[in-house]
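Read through the structure below, which is laid out as structure tokens, and then see the notes.
The values are calculated or read from the model by the stated rules, or taken from the named source; none is laboratory data. A quick note: this is a predicted structure, and the numbers were derived from the prediction, not measured. Because the Cβ atoms are built from the backbone with ideal geometry, glycine has one as well, and the counts that use them run over all protein chains shown. These accessible areas exclude ligands, DNA and RNA; they are computed on the full protein's heavy atoms, side chains included. Shrake-Rupley method; radii C 1.70, N 1.55, O 1.52, S 1.80 Å.
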4 protein chains.
Amino acid sequence: MSTTASSFTGVIPPVVTPLTEQGAVDTASLERLVGHLIEGGVSGLFALGSSGETAYLTHEQQETVLETVIGAAAGQVPVLAGAIETATRRVVERARVAEKAGAAGIVATAPFYTRTHAGELAPHFRAVASAIGVPLFAYDVPVCVHTKLAPGLLLQLAAEGVLAGVKDSSGDDVSFRKLLLGARALGDRGAFSVLTGHEVVVDGMLLAGADGVVPGLGNVDPRGYVRLCEAARRGDWAGARAEQDRLAALFALVDAVEPGTASGTTGGLGGFKTALALLGLIDTPVVSTPMRPHTPAETARVRARLEEAGLL
Amino acid sequence: MSTTASSFTGVIPPVVTPLTEQGAVDTASLERLVGHLIEGGVSGLFALGSSGETAYLTHEQQETVLETVIGAAAGQVPVLAGAIETATRRVVERARVAEKAGAAGIVATAPFYTRTHAGELAPHFRAVASAIGVPLFAYDVPVCVHTKLAPGLLLQLAAEGVLAGVKDSSGDDVSFRKLLLGARALGDRGAFSVLTGHEVVVDGMLLAGADGVVPGLGNVDPRGYVRLCEAARRGDWAGARAEQDRLAALFALVDAVEPGTASGTTGGLGGFKTALALLGLIDTPVVSTPMRPHTPAETARVRARLEEAGLL
Amino acid sequence: MSTTASSFTGVIPPVVTPLTEQGAVDTASLERLVGHLIEGGVSGLFALGSSGETAYLTHEQQETVLETVIGAAAGQVPVLAGAIETATRRVVERARVAEKAGAAGIVATAPFYTRTHAGELAPHFRAVASAIGVPLFAYDVPVCVHTKLAPGLLLQLAAEGVLAGVKDSSGDDVSFRKLLLGARALGDRGAFSVLTGHEVVVDGMLLAGADGVVPGLGNVDPRGYVRLCEAARRGDWAGARAEQDRLAALFALVDAVEPGTASGTTGGLGGFKTALALLGLIDTPVVSTPMRPHTPAETARVRARLEEAGLL
Amino acid sequence: MSTTASSFTGVIPPVVTPLTEQGAVDTASLERLVGHLIEGGVSGLFALGSSGETAYLTHEQQETVLETVIGAAAGQVPVLAGAIETATRRVVERARVAEKAGAAGIVATAPFYTRTHAGELAPHFRAVASAIGVPLFAYDVPVCVHTKLAPGLLLQLAAEGVLAGVKDSSGDDVSFRKLLLGARALGDRGAFSVLTGHEVVVDGMLLAGADGVVPGLGNVDPRGYVRLCEAARRGDWAGARAEQDRLAALFALVDAVEPGTASGTTGGLGGFKTALALLGLIDTPVVSTPMRPHTPAETARVRARLEEAGLL
């Protein structure tokens, strides 16, 4: 059953998973990346998320990733772990493995591949939460799982103590505002951490009351997101906006791939990895099969974004 | 060809279309509603939008609506007119009728019903713009037309002088931020008005630099949206957020319909009409066939939202 | 209210709308095309369907098309008319115009552009049927209107006498089989004509009991579809299949456009028009803005398909 | 690399996975079910498919299933194994485990959860095929993976020897006919087995040239599908259609769940399991969390379908 989630605020980047040329987890690079993020001031780490390439990793690789991240974090910040699997029994299995490895919380989506009914969502999350002893976070990512988690459902599960928070990557603004208003109304009934996954509108989401952000781009520029959150915390909204505008311009590195030639996943996490390799923070920008690597021209575009943002 | 659009900022509500019990346009109620909106301080009016039930109205009814709104506005604020039709030739026809009737600008979507290719969008908007003498606004509403207008396309058409602005109801935050950054970068090459249709996140969108908002809920509470925009303009972001939170709570009136028993259109524009009838601003909450009216229980829920918001 | 539909069987092609270079309806070519189809042995004509480019035509153009087709058909075969509009009131208006022009039946879709609820579909079709004095056919085309008509709904409306038939372009095999089984079970309660719009699986659909087919490709090769239906009628399934295989190969002309450069609508109805122009049956292959014309290379591919099929 | 697939024709049911009340794999029931299918005359078995609840099973449970099915089949018919995982590396891992367990072929989908680009599909299937020594079958199931496998891609991979066949559950008739025509044109370049997953239109698909069918309903009535295929083989199309009509009526058991209260997966595989339990072929109709069991009223409806079909 979930416990308090009060510490899950601020910048919690979904850590990318560096790979060797042969496609193995590059643990040395991963440790270096974790160090970079913690030095950057992040308040938590999210391992095995979409940006962590989790859907491309075997269970064994996932365990290597999680152990490496938790080891490198060394208790300085909590580590959330994705347990992203097609249905309940599989999520529970991965969640237990992650808990045993030291994860401070588990992040799970709605079932996918299967056609999921709205009435199956509460039983799904209840079953996962009851199987673990750390907080459970819902990951609302319809672009991947093709199911939207309704705010009424999330708030009900928050009130029950099943969910400690949500990472919202749904792009549904109405739903997100409902969540924020509803979470505030929960009061004593449960700490519920509302995190946005939309890394280019964090200023507005913090203004609306979001507790934090899970930005893929935060791998590349953790300090930027930390400055953004700090500006928001002290009510410097012009400052928050200026920082967000800079980060939104930097985020254009996900569009470095030739239009129409690669998936959004390749453009996004491949772009982050290419940037991290250019910054010397990881050894290679290798992405998992069947994604393709960035071409030299695409890499040059990523480099240009880094230079414009003052990172290179 | 489009001319300057510099005046299209602030609150521009999509005016609902009051109907008589027999389904005719209730011009007396419509005039009253326009008066209410102008007194509320709106900076423009958008007739024949989705909230204006335009897809349910015959061309003759649409013309009645437009003449009534323009007549009642009497030049106090500009009136934009939707020319929402399946493809170019039909949009042009409606746009010319609207221009002749005195519309200050035309609002058009991507083609729909037909399967539309990305390469057809620029020719579509260029053909419409070249057929009229008032500014053209793109209406980005994938939930209705099942095509997303890419920010690169919109900015290209802005630079060409084809588009004077966009009403963004896409819910795509990344795209919206790109639009805002891109519109700023246009500089002298063209005034381009970026309006959000997402009425519950206006505070954040204004923080990010949006020029204005087209809120269906603005029919019910124009003063609230005007206060929100004014707070933003003077940099009072806490005030903007508080006003938005109040409006977001009021917006729950669109959820007054029994879950699963009506379309989002019925819940939304039917909810706005029910609220307006309760406020005495229009005579009936009648909606077009095949939508159904609100039940007494649903109407009571709308009333409760109005009371909580201090409007009744 | 609908009357008997027993004559709506066999091949009922959705007649394409030839245009002049200036985009006007080319009535002379349209008359020629109708003559070609009737000589080809079709049992009816469907004017103002998707293949008839109806979504691109103004109401005035639509009326010209309908008058021309009905005039050229001269009572030899019945003419169905599409009344394809966003919502009920508009469909009724168009349906009445078509009835007055002499249409033997009206074809209407679910509402589109608006978000439509399942509960709105029966009222929609009932309202249309009660406004006209000729049979009403439902057009099930989710790729265009983004709503699927459930077989239970269609059969209920058939039993009520609201619907005289359906043109199924949904690609939902399970649903189609249910329709066929259900229509048979209706017995005396109503003639209900189940027509498939899937022109490459007509053999299988006739085997399953379909009453007829509405093939866009039937513009190009009406005799082929007539032979296919006749083979099926006499139980010559090997013959039906061979004819269908030939037609399926011919249908590849819709793929003549360079991949990724045009919409399916352009490839499809643009391909049919290009073929008809090559066959000398219409004067130009012009399609409506914003669709683009076939390039010479694409036209050559259409020509190759016609030659392979023995039509040129 | 794939080898000949010539034996993969006829009826190859996707074997359901019986569970105990505690959710463990019920190997005794599974063995009984396999015996029932082989006695029913099926020509192969497909373990760990969608109907086999594979997305709900842990890897350990999947291995138990596969060993049980292969053991019970005892070489009488070949056993295909699903390796249904989010991306390439994971598919390869599962495929190798299955090959080692004795699977005669592997069935894999496009990547899912991740956003997949068309250009990634060929590398994906090539990587899987090159990692195994048994034939690879593509499983085209866009309703689950949200990617359609284009016939051109499949035929290219067939010509390369990468794919030995496809299970088409896409519901795209045009695509399926192209596959059939293309597979015939391959000639000596590769045996390519085109199997349909659409269990209610098998008569028409066999008429069109399909090599076989993978019917979930074949768990319940394998003899019916075998009779259907045999009728088709001897050209008795009226007989094939009559058998298909009977099976289509039986298939209505998937609609036994109260409308709107459960997913299609629950209605479908839950319906099959309920039927199998009623027939005494498996011990319980238990389905995996978060699916819900059939209610007594729903079970009664399944029973009625079985009785009408003469199975009970």
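Tabulated data
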item	result
Cα gyration tensor shape for the range C:5-236, rounded if a/c is under 1.5, else prolate or oblate	oblate
For B:Ala304, label point 7 Å along C-beta direction: distances to other copies, nm	3.8, 5.6, 6.7
Cβ neighbours within 10 Å from other chains - mean over C:254-264	3
Protein-only accessible surface order, largest first, of C:His117, C:His124 at 1.4 Å	C:His117, C:His124
Cα gyration tensor, the range A:267-312 - rounded (a/c under 1.5), prolate or oblate	prolate
Within 10 Å of each Cβ in B:123-132, the average number of Cβ atoms from other chains	1
Value of relative contact order over the range A:5-236, rounded to a whole percent, pairs C-alpha under 8 Å and six or more apart	22
Pairwise centroid distance, computed over Cα atoms, of the range C:148-207 with the range C:235-258, Å	23
Förster-model FRET efficiency, 22 Å R0, C:Glu308 and C:Ala28, C-beta, rounded to 0.05	0.15
At 7 Å out from Cα toward Cβ: D:His59 inter-copy label distances (nm, ascending)	0.5, 6.5, 6.5
Mean Cβ neighbour count within 10 Å, used as a protection proxy, ranking D:287-293, D:125-131 highest first	D:287-293, D:125-131
Fraction of accessible area attributable to carbon and sulfur, chain B (%, probe 1.4 Å)	53
The range A:17-83 shape via C-alpha gyration tensor axes, a/c threshold 1.5	prolate
Accessible surface, 1.4 Å probe, highest first, among residues C:Thr147, A:Thr64	A:Thr64, C:Thr147
Inter-site label distance for A:Leu186 and A:Asp236 at 7 Å from Cα along Cβ, in nm	3.1
Solvent-accessible area buried by B and C, counting both chains, probe 1.4 angstrom, square angstrom	3800
Area accessible to solvent at C:Glu160, 1.4 Å probe radius, in Å²	70
The range C:154-312, relative contact order [Cα under 8 Å, separation at least 6], %	16
Computed accessible area, A:Asp211, all protein chains, 1.4 angstrom probe, square angstrom	60
Lysine pair count for chain D [Cα-Cα under 24 Å; pairs on different chains or 8 or more apart]	5
Theoretical FRET efficiency, 1/(1+(r/R0)^6), r = Cβ-Cβ of C:Thr261 and C:Val143, R0 25 Å, to 0.05	0.80
Cβ-based net charge around C:Thr295, under 15 Å, with every Lys or Arg adding one and every Asp or Glu removing one	+1
Other protein chain Cβ atoms within 10 Å, averaged over every residue that makes up A:196-203	4
Axis proximity, chain A to B: residue whose C-beta lies nearest, plus whole-Å distance	A:Gly204, 1
Other copies of A:Arg184: label-to-label distances in nm, shortest first, labels 7 Å along the beta-carbon direction	2.7, 6.2, 6.7
Ranked order, B:Ser263, D:Ser50 - accessible area, probe 1.4 Å, largest first	D:Ser50, B:Ser263
Residue-normalised accessible area of the range A:5-236, expressed per residue, 1.4 Å probe, Å²	29
